[in-house]
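Data first, discussion second: the structure below is written as structure tokens.
The values are calculated or read from the model by the stated rules, or taken from the named source; none is laboratory data. Source: prediction; values computed, not measured. Positions of Cβ are generated from backbone atoms using ideal geometry, with glycine treated the same way; all protein chains shown enter the neighbour counts. Note: areas computed on protein heavy atoms with side chains; ligands, DNA, RNA excluded. Shrake-Rupley method; radii C 1.70, N 1.55, O 1.52, S 1.80 Å.
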Amino acid sequence: MARLGLILGDQLNPNHALLDELDPAMDALLMGEVVDEASYVPHHIKKIVMIFSAMRHRAEDLKKAGWRLHYHPFDPDSAIKSFSDLLDAQYGRDPFDELLVAQPGEWRVLNELQTWASDHDITLTILPDRRFIDDLSVFNDWAQGKKQFRMEFFYRLMRQKTGYLMSGGEPVGGVWNLDADNRKPYKGDPPIVPIKGSPPDAITQSVIKELDGHWSSFGEIEGFDYPVTPAAALEALDEFIEHRLVAFGDFQDALVDGEDYLFHSRLSSALNVGLLDPRVVCERAINAYEKGAAPLNAVEGFVRQIIGWREFIRGVYWHFMPEYAERNTLDHDQALPEWYWTGQTQMRCLAQAIDATRRNAYAHHIQRLMVTGNFALLLGVIPEEICRWYLAVYIDAYDWVELPNTLGMVMHADGGVVGSKPYAASGKYIQRMGDHCKHCVFNVKETVGESACPFNSLYWDFLIRHRERFAGNARMRMMYRNVDRMDSAQQASIQERAQWIKEHINEL
Ligand code: FAD
Ligand code: DLZ
């Protein structure tokens, strides 16, 4: 029986399950740079360069290891546009009875492969996706019978399962979560060591040459320096551990004008295409803690992002898809402001986050959550529009991770699966966590009036509009107490200013 293994562009992990399942002497592998995958959203050009270059490196390694691999390089004029076309072409060239693939990262892709296999009467075998710490069944077993999913409890299970930062069955340091220590604004100490980056090698340079000027999408190509091989990704990991992990915890929530990365790892793109194994990432960070090179609040905070948030978010995605993508619990109906695609807004925090996104295909978590995300929530943007934006513009964005973070965590459009309350915040939060407001034309201390920070009126308007849904939420009681301190005239003028902002949003 002839078997074909399809390796998707974000499944480049050297321990891919296909390589254990198939026999290089008998079975073939297939990889393809297909136009539809590069264009179903206007991906940042750096994201496409990274994926194609990493795919080409992986293909070289597989061929060197003796695999019979058919590789379809990018060709916008080719008749091969989709994974289905790619499989058709391969089937015509070298027929097979069974198609094997690791669980794709998107429901859309899984659906396409299932449809293709069923139309061709071919057995489709889905193998585990080893880019994660655990199999999806771990999340599903945990989720069974639960009315509410809370990351914190899933995280504790993952700590116990991995044994990370555990001692005698108890969390090291006596508490599971040191998040309360991780909210300091940054005042310049310790100095931020710039990310060294991985200069483009010959393969990356040739991808850049092929795409530059011939493939228009979002973002700038200049300065590409993301790792595209497992070796380069390990170097990036070690560099993070040596220079930034130490302050990762303290300044995890900080926002600093002119600083793109602060103390974040910038490892998400490598993790999400399988260049880095999440276990290796956590174990090297824990090793730094055990050697006394990084404090517990930094290492626990970092490990939590990976064994907690990353695994939890993926579990939520597969648990609720495909209907999850359709949710719009708060009935939001505003179009995404045009300047999300250009960065041309006078609101300093948004301009900085979007400018970094355009240059780097990256913004750090607090920019994504509390700046571009928070603003879209307060404005009431249609979830589908803001999700499409996040999926397009970030180098690490794939549906399994982007969707629950955006639709769930940021937009609260899932009705509270990912978060028990929306992360709605006024300009005061942005002022507290950084220095953007000092450089902004708007006044963060004002709520109404022409020069008032737009976050402020939109924040109160959001609370007033959604009073029925949120006033009874224990975690929002204080917010509603503040709303109730305002008389009806104050509330009306806030709502008037919020309405004006919505009507003139593209001019701000
Ligand atoms: P660090 O701050 O150094 O964190 C370390 C690692 O933890 C990350 O590399 C990532 O693998 C993991 N991690 C941290 N938070 C999360 C999270 N909430 N969900 C999943 N993994 C997490 N992350 C993506 O990988 N792809 C996305 O498309 C994506 N979209 C997002 C959209 C929104 C609206 C928000 C609020 C967050 C999103 N995130 C996404 C999560 C997070 O913002 C990024 O993982 C992080 O900013 C990547 O930068 P870093 O590698 O420097 O992360
Ligand atoms: C994101 C992406 C892009 C831009 N291009 C390709 C490609 O040409 N070939 C490929 O196999 N995969 C690509 N990908 C990743 C797929 O879209 C990915 O498999 C899904 O996003 C699932 O996570």
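Worth pointing out:
- Heavy atoms of His439: accessible area, 1.4 Å probe, square angstrom to 10: 100
- Placing +1 on each Lys and Arg Cβ and -1 on each Asp and Glu Cβ, with no other charges, gives region 104-171 a dipole about its Cα centre of roughly 480 debye.
- For region 187-266 versus region 364-443, the spacing of their alpha-carbon centroids is 21 Å.
- Between helix 230-243 and the chain: long-axis angle, C-alpha atoms, 0 to 90°, nearest 10: 30
- Between the residues Gly213, Leu271, Ile45, the greatest Cα displacement towards the positive end of the dipole of the chain, with unit charges on the Cβ of Lys, Arg, Asp and Glu, is found for Leu271.
- C-alpha long axis of helix 348-360 to longest principal axis of the chain, angle in °: 10
- Farthest toward the positive end of the dipole of the chain, out of Gln495, Leu22, Ala54, is the Cα of Gln495, where the dipole comes from beta carbon charges about the Cα centre.
- Efficiency of FRET between Trp142 and Ser451 - r from beta-carbon atoms, R0 56 angstrom, step 0.05: 0.70
- Amide proton proximity set for Ala452, modelled H, under 5 Å, gap of 5+: Asn443
- Of all accessible heavy-atom area on the chain, the percent that carbon and sulfur account for (1.4 Å): 49
- Positive-end ranking of Tyr362, Val444, Ala397 along the dipole of region 333-485, with charges on Cβ about the Cα centre, is headed by Val444.
- In the context of the full set of protein chains, the chain has a per residue accessible area of 41 Å² (1.4 Å probe).
- Under the convention that each Lys and Arg Cβ holds +1 and each Asp and Glu Cβ holds -1, the size of the dipole of the chain around its Cα centre is about 1980 debye.
- Calculated SAXS-style log₁₀ I(q)/I(0) at q = 0.07, 0.08 Å⁻¹ - the chain, Debye, Cα scatterers: -0.40, -0.52
- Karplus 3J(HN,Hα) series, Hz, for region 181-198 with 6.51 cos²θ - 1.76 cosθ + 1.60 (x for Gly, Pro): 7, 10, 10, 8, x, 8, 10, x, 10, x, x, 7, 8, x, 5, 6, x, 10
- The heavy atoms of Ile221 offer some 20 square angstrom of accessible surface to a 1.4 angstrom probe.
- Between 0 and 90 degrees, the angle of helix 383-393 with respect to the longest Cα principal axis of the chain falls at about 60 degrees.
- With all protein chains modelled, accessible area of Lys291 [1.4 Å, Å²]: 150
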